[in-house]
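Chemist: The following block contains the structure, expressed as structure tokens.
The values are calculated or read from the model by the stated rules, or taken from the named source; none is laboratory data. Just so it is clear, the structure is predicted and the values come from calculations on it, not from any experiment. Every residue, glycine as well, gets a Cβ built from its backbone with ideal geometry; the counts of neighbours run over all protein chains shown. Please note that ligands, DNA and RNA were not included when accessible areas were found on the heavy atoms of the full protein model with its side chains. Shrake-Rupley method; radii C 1.70, N 1.55, O 1.52, S 1.80 Å.
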Amino acid sequence: MNGNEVNNSAESQYSANSIQVLEGLEAVRKRPSMYIGDIGERGLHHLVYEVVDNSIDEALAGYCTHIEVYINEDNSITVKDNGRGIPTGMHEKEHRSALEVVLTVLHAGGKFSKDSYKVSGGLHGVGVSCVNALSDYLRAEVHREGKIFVQEYSKGKPLSDVKVVGEASDTGTTITFHPDAEIFTVTTVYDYGTLSGRLRELAFLNKGITLTLTDKREKVTDTDGQGHETESYRSEVYYSKYGLKEFVQYLDGDSTVEKLIPEPICLETDKVIPIEIALQYNTGYREKIKSYVNNINTIEGGTHLQGFKAGLSRTLKAYAEKNGLFNKIKSDQLAPEDYREGLTAVISVKVAEPQFEGQTKTKLGNQEVYSAVSQATANALEIYLEEHPKEAKYIIDKVILAATARQAARKAREMVQRKTVMSGAGMPGKLADCSEKDPEKCEIFLVEGDSAGGTAKQGRDRNIQAILPLRGKILNVEKAMDHRVFESEEIRNIYTALGVTVGTEDDGKALNLSKLRYHKVIIMTDADVDGSHIATLILTFFFRYMFDLISNGYVYLATPPLYLVKKGKEEVYCWTDDQRREATARLGKGSEKGVNVQRYKGLGEMSADQLWETTMDPSRRVLRQITIDNAAEAERTFSMLMGDDVPPRRAFIEENAHYANIDA
Ligand code: 0RA
């Protein structure tokens, strides 16, 4: 290096010397995963984030507005910014240029003065030197003080001194690197979607910065208005004027739920701990909160998230109490999660010395952040509520509804639980139980309507067959909230009669089948359109709330006959029109004279004996076992079925109920 090539003015000496040298680079190539997490696809992309973060820091310091990222043809990456340019002057202690120090010494760079700290920084915050160490080639180009400085490296080692290669009228830093295949043994191929996702997120988190991504590996052909074809690269621009507000709107973008308030509530503080939050309430039931510390997604949450939640409930509660909005509910009946039903929010904080904890080191531990965020949230929300009484009322009403629904669901669940635990004593009044106690030998018929229920009670084998009549159409669980489901008397009767207990929200409503009282649960409905609708409603309930019952093969459909063909004392039951024609011909011996064909309109029309003979007698009946081969597909189907269209329901039952003459 000689004096003509590098700038040694007093001013740049100062900036060069103020870089703190903390650690050497040697270890990085030996244990790459310790520095970048892993050496797979994640680690590979992490290199890009590390470089981009340096430019973001320059932007946050107020010196950079544009960051361009290129995926080059050879899968190398170029990151170009229009910041001040990495200083190139001599570093006194290190006896080499500041640029070289930044690129070859771990943890160098960033800390220039006490009031500007490195706020972005990758997950491990190891800096661009780490990227250099893991690249078989890296080129740094700095435009600064009217000159273009260049230095190249391989595996972290400079290939030459910093050279001045030309004159510059602008400022900025351009880093090009190619990941070393010796390190990234799984793949060195970059994924456009992965990079675009992160750059979009960075644009939302750092409003006003323009980020671009261009993939030079493939050309796309565009056609203009005149039919002229032009070739260009796949490229996107990420820019957010309003930051987190737009992030929240983006997160809710593909959602079908409606907004509860017209615009997200936003807050931004410029205190010791910079905080930015945007939140939106929707009419749905889900809670979607994303949290970030120094632009890192804190998947495991931490003190900033806890502070936000605390500030939110505290302020909403105080506002509601002060304005008498909790008239129907006591505020101690509210749980913290009630304040967050239908909430979409993004929290972004900048912490000088973040302590990351947890399994994936993405949980913020700094205690001082808790009170800072909860206070900031409370202050901003208080003002919003005072200024927007109409929206405030919408939110509080939503909170009350969430609490009411949650309590109703809990009560209903407990009720079901309690009744179920006291076996026998708490059985529904409508249940006609069997005397046998061995579940394997027992069956229960869920029968549509009280009249058919009565017939079935008379006709059954009371030793092994129980009858539970259900009132007409049971609740469509597909369209109801949990508490409505647990409040439904018919559904509670099913739980109680079967002896199964309801799981809690925590275990995903998993069912306890150990106390199941019948190993055949037989749905018996009329053989008409209404009947198959009711059967589908019951099946939908089983699918959503008692899936294990279906997957264990305990659920069946009974198949009552459609016709009775009669001549004198001879009687033939028919299930199809073909059977009816055949029976008519056989009994009438060629003529239809004296042959009586009875069309059963419903189960209630049959006598107890007829019902027993045709549908319930294990030695003669045909049961159809419900099996579900593909749960994901069934999921979609049930949503479709429970619309207002009747025909597909029948088709579904036809497809999923398999004739099984299991008794024969
Ligand atoms: C330290 C000091 C100064 C700039 C930078 C670092 C810097 C680093 C990167 C990395 C990518 N792009 C960057 N842009 C700037 C400036 C010090 C001064 O000019 O006084």
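Chemist: I'd like the per residue volume of the convex hull spanned by the Cα atoms of region 279-349, given in cubic angstrom. Mind dumping the intermediate values first?
Modeler: Values: hull volume 6.9 nm³, N = 71.
So the per-residue Cα hull volume is 97 Å³.
Chemist: Kirkwood-based Rg over Rh for region 122-242 (C-alpha set), two decimals?
Modeler: Reported Rg/Rh (Cα atoms, Kirkwood Rh): 1.03.
Chemist: Related question: LYS157 to VAL189: FRET efficiency via 1/(1 + (r/R0)^6), r the Cβ-Cβ distance, R0 25 Å, to the nearest 0.05?
Modeler: Computed FRET efficiency for LYS157 and VAL189 comes out at 0.50.
Chemist: Shifting gears a bit: Measuring from a point 7 Å past the Cα of ARG42 along Cα-to-C-beta, which residues in region 348-371 have an amide N at less than 15 Å?
Modeler: Under cut-off, by backbone N: 357-363.
Chemist: Test of the criteria: in region 496-583, which trypsin sites (Lys or Arg not before Pro) are in a DSSP loop and have at most 13 other Cβ atoms within 10 angstrom of their Cβ? Write down the numbers at each step before the final one.
Modeler: Numbers: sites: LYS509, LYS515, ARG517, LYS520, ARG544, LYS566, LYS567, LYS569, ARG580, ARG581; in loops: LYS509, ARG517, LYS569.
Loop-located and lightly packed - LYS569.
Chemist: Obtain the nm distance between the two label points defined at ALA585 and GLU489 by a simple spin-label model: each point lies 7 Å from its Cα along the Cα-to-C-beta direction.
Modeler: Label-label distance for ALA585 and GLU489, simple model: 5.1 nm.
Chemist: So, in nm, how far is label LYS93 from label THR576 when the simple model puts each one 7 Å beyond its Cα toward the Cβ?
Modeler: Inter-label distance under the simple model: 9.1 nm.
Chemist: What would the Debye formula give as log10 I(q)/I(0) at q = 0.24 Å⁻¹ for the alpha-carbon point model of region 503-609, no solvent?
Modeler: Ignoring solvent entirely, the Cα scatterers give -1.22.
Chemist: Ignoring ligands, DNA and RNA, what percent of the 1.4 Å accessible area of region 162-316 is carbon and sulfur? Intermediate results must be reported in sequence, preceding the final value.
Modeler: Numbers: 3630 of 7540 Å².
C and S atoms contribute 48 percent here.
Chemist: Based on the Cα gyration tensor of region 26-99, what are the three equivalent ellipsoid semi-axes, each the root of five times an eigenvalue, rounded to whole Å and given largest first?
Modeler: Details: eigenvalues 112, 81, 28 Å².
Its equivalent ellipsoid spans semi-axes of 24, 20, 12 Å.
Chemist: Which loop trypsin sites (Lys or Arg not before Pro) in region 250-296, with loop taken from DSSP, have no more than 16 other Cβ atoms within 10 angstrom of their Cβ?
Modeler: Answer by residue number: LYS271, ARG286.
Chemist: Round to the nearest 0.05 the FRET efficiency obtained for ASN596 and ASP528 when R0 = 22 Å and r is the Cβ-Cβ distance.
Modeler: With a Förster radius of 22 Å, E is 0.60.
Chemist: What do you get for GluC sites (Glu not before Pro) in region 549-622 restricted to DSSP loop and a cutoff of at most 15 other Cβ within 10 Å of the site's Cβ?
Modeler: GLU592
Chemist: Tally Lys/Arg at +1 and Asp/Glu at -1 over every other residue whose Cβ is under 11 Å from the Cβ of SER348; what's the total?
Modeler: Details: positive: LYS207, LYS290, LYS350; negative: GLU201, GLU268, GLU276.
Residues close to SER348 contribute a combined charge of 0.
Chemist: Might you tell me the accessible area per residue for region 299-390, computed with a 1.4 Å probe and given in Å²?
Modeler: 48
Chemist: Calculate, for ILE383 and GLN458, the FRET efficiency according to 1/(1 + (r/R0)^6) with r their C-beta to C-beta distance and R0 51 Å; round to the nearest 0.05.
Modeler: 0.15
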